[in-house]
Amino acid sequence: MTVRVCSSGIFGIEEHAVEVEVDVASNGVPVYETVGLPDTAVRESRQRVRAAIVNTGFRMPRRRTIVNLSPASLRKVGTSYDLPIALGILGASGQITAPKLQQTFVVGELGLSGRLRPVRGALAMLIGARARGVQHAIVPANNAAEADGLDGINIHAAQTLADAVQIVTGGEIPIVCPPSRRQQPCSSPEVDMRDIYGQPLARRALEIAAAGGHNLMLYGPPGVGKSLLARALRDILPPLSRSERLEVSCIHSISGLLRGTGLVQRRPFRSPHHSASVAAIIGGGQGIPSPGEVSLAHRGVLFIDEFPEFPRPIREALRQPLETGAVIVARARRSVRFPARFQLVATMNPCPCGYYGDSSRPSRCTCTDANIQRYRARVSGPMADRFDLRVPCHAVAPDDLLNHACGEPSAMVRARVAAARKLQRQRYDNESCHSNSELSGEQLRAACSLPESSQRVASRMLSRGLSARGFHRILRVARTIADLANCDSVKTHHLAEAFSFRTDM
Ligand SMILES: Nc1ncnc2c1ncn2[C@@H]1O[C@H](COP(=O)(O)OP(=O)(O)OP(=O)(O)O)[C@@H](O)[C@H]1O
Ligand SMILES: [Mg+2]
């Protein structure tokens, strides 16, 4: 007898339907074979499935058993086919009668005892299955929270193979709520802006960056609070919208970062170390490409602390996703497109010793001119051009430090950022643009049209060697500054403030 179970696989970030066909012959030599381009993990499922079936109280058929994963042309990887294969074997050998099995979507990794383990990418798989019209799905209990709130498909959470058997044989399938609805740890501020002394310029830049999603570079001597400021950004970012939550959660689910927790609630804030490989940052790697840090930071922040310390291939590889909002990892057989619409926040010192231009002690810098030039050249012209806001940070004034002259708390800044983002949402309703930093072409012309009086200021800026990209970036920042001031149109002083943030590093 042949039984079919619907399941799915992930290639990169794309989900595709996989049908698990199991045929148990009525006679013949007792062999077990898996066909349909399985990788090692899929081939090894045989041992897990056999032990799980026996330990759940069933028996492994002693007849010719063929498992076919179709379409046979696609490579099948991972452990998510264990559960559909086990249910298929039980159905095809006549040990269970499950008329609804063929219409039920099934994924899950089996342990030897029959206990189910979570799989990567369950959320993307369930969204794909729903799009194909599947109404019932069985997933491991630890994956069920990912699908919390996914409308239009009934999710049945199973702890063990026995649970899954009960669900598919129980006639009317009971709808089981996910047992774990744990949310990701909620936002207790890591760094509150109240605890940062001085740095009024950098604080203003941080607010603008959060309100419009702009790229930010903070540079200055050691110990003045650059990394502190960058980390404070996380807490003033606006929350993710529902569609953004699903987008981000799909990527995190595929990377195995959503174990037992619900959808991602906070904007991602990724801070990779400079020893990371290009594949870890950009995406790719051995076998089927996986998302890199730029994709894990999608709709959030990629924080590159000590930017010049990152190897040149990584620094330059960031240029393309910053422009297009995506990374394409090309493979001989098939390319994968990973979304990577992130906001880049970086910090650096002005020279190798860190003290060049330190106003508090001008003679402290020990670097030669050549060393300084070499160090600064690590931020190439095209890369520097992509930073909308380039902000010098100076040593905190002794009085500010001694008198604890701290600024506004994050909560107040967050409220202004949220109001500015609301204006953007209303303005770009039904458009593909989420924030001012994404404005392009016609949208940019419409949202940032300059009054007659500003045209002269703009042409003076352009005559100072500003690139077209640089000018467009200034326009987008000026739009955000106008939004923070609740102003319908971009005025000359908004443009001037935006221009003042494009200092030479
Ligand atoms: N402006 C500031 N307000 C409050 N604390 C500060 C400030 N600047 C520095 N500090 C204190 O110094 C520590 C180090 O600051 P931070 O790591 O941000 O320095 P940095 O500018 O990134 O230096 P480096 O260039 O060496 O990376 C902070 O954890 C904090 O305790
Ligand atoms: Mg630092």
_Hits in region 110-134 (condition: open to solvent by 40 Å² or more (accessible area, probe 1.4 Å) and either outside any loop (DSSP other than H, G, I, E, B) or on the phi > 0 side of the Ramachandran plot (or both))_ = ARG115, ARG117, ILE127, ARG130, ALA131, GLY133
*Scanning for something in a helix (DSSP H, G or I) and surrounded by 15 or more Cβ atoms within 10 Å (Cβ to Cβ), does region 356-363 turn up at least one residue?*
no
*Which is within 18 Å of ARG427 (Cβ to Cβ) and out of contact with any His (no Cβ under 9 Å at 6 or more places or on another chain), of VAL457, VAL490, VAL477?*
VAL490
*asked:* I want to confirm something. Restricting to region 391-408 and keeping residues that are within 16 Å of ligand 2 (Cβ to nearest atom) and open to solvent by less than 80 Å² (accessible area, probe 1.4 Å), which single residue is farthest from SER467 (Cα to Cα)?
replied: VAL396
*Tally the residues that are in a loop (DSSP other than H, G, I, E, B), away from ligand 1 (no atom under 16 Å from the Cβ) and acidic (Asp, Glu), restricting the search to region 293-315.*
0
*Qualifying positions in region 337-365 - polar (S, T, N, Q) and within 16 Å of ligand 1 (Cβ to nearest atom)*: THR347, ASN349, SER359, SER360
*Are any of the residues in region 353-374 under 17 Å from the mean Cα position of the chain (by Cα) and either of a type outside the set (D, E, K, R) or over 22 Å from PRO239 (Cα atoms) (or both)?*
no
*Name the pairs: first residue in region 228-241 and within 10 Å of MET193 (Cβ to Cβ) and in contact (Cβ under 8 Å) with a residue 40 or more places away in the chain, second residue in a loop (DSSP other than H, G, I, E, B) and within 16 Å of ligand 2 (Cβ to nearest atom), Cβ to Cβ under 6 Å, at least 6 apart or on different chains?*
ALA232/VAL191
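Rundown of residues vs (1) modelled with pLDDT of 85 or more; (2) touching a helix residue (DSSP H, G or I) at 6+ places or on another chain (Cβ under 7 Å), yes/no style:
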site	(1), (2)
VAL396	yes, no
GLN426	yes, no
LEU444	yes, yes
GLN455	no, no
*From the residues in region 223-241 that are part of a loop (DSSP other than H, G, I, E, B) and away from ligand 2 (no atom under 15 Å from the Cβ), which one is most open to solvent (accessible area, probe 1.4 Å)?*
PRO239
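Quick grid of which residues meet (1) open to solvent by 10 Å² or more (accessible area, probe 1.4 Å); (2) closer than 20 Å to LEU322 by Cβ; (3) aliphatic (A, V, I, L, M):
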| position | (1), (2), (3) |
| --- | --- |
| SER243 | yes, no, no |
| LEU257 | yes, no, yes |
| GLY262 | no, no, no |
| PHE269 | yes, yes, no |
| GLY285 | yes, no, no |
| PRO289 | no, yes, no |
| GLU293 | yes, yes, no |
_Enumeration of residues in region 364-390 that are under 27 Å from HIS298 (Cα atoms), of a type in the set (Asp, Glu) and open to solvent by 40 Å² or more (accessible area, probe 1.4 Å)_ = none
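Collect the residues in region 409-429 that are open to solvent by 90 Å² or more (accessible area, probe 1.4 Å) and among the charged types (D, E, K, R), keeping them in residue-number order. Break it down stepwise before answering.
Going residue by residue through region 409-429, those that are open to solvent by 90 Å² or more (accessible area, probe 1.4 Å) are 412, 422, 425-426, 429.
LYS422, ARG425, ASP429 - these are the residues of region 409-429 that are open to solvent by 90 Å² or more (accessible area, probe 1.4 Å) and among the charged types (D, E, K, R).
The values are calculated or read from the model by the stated rules, or taken from the named source; none is laboratory data. Model, not experiment: these values are computed from the prediction. When we count neighbours, we look across all protein chains shown, and the Cβ atoms used for this are built from the backbone with ideal geometry, even at glycine. The accessibility values were calculated without ligands, DNA or RNA, using every heavy atom of the protein model including side chains. Shrake-Rupley method; radii C 1.70, N 1.55, O 1.52, S 1.80 Å.
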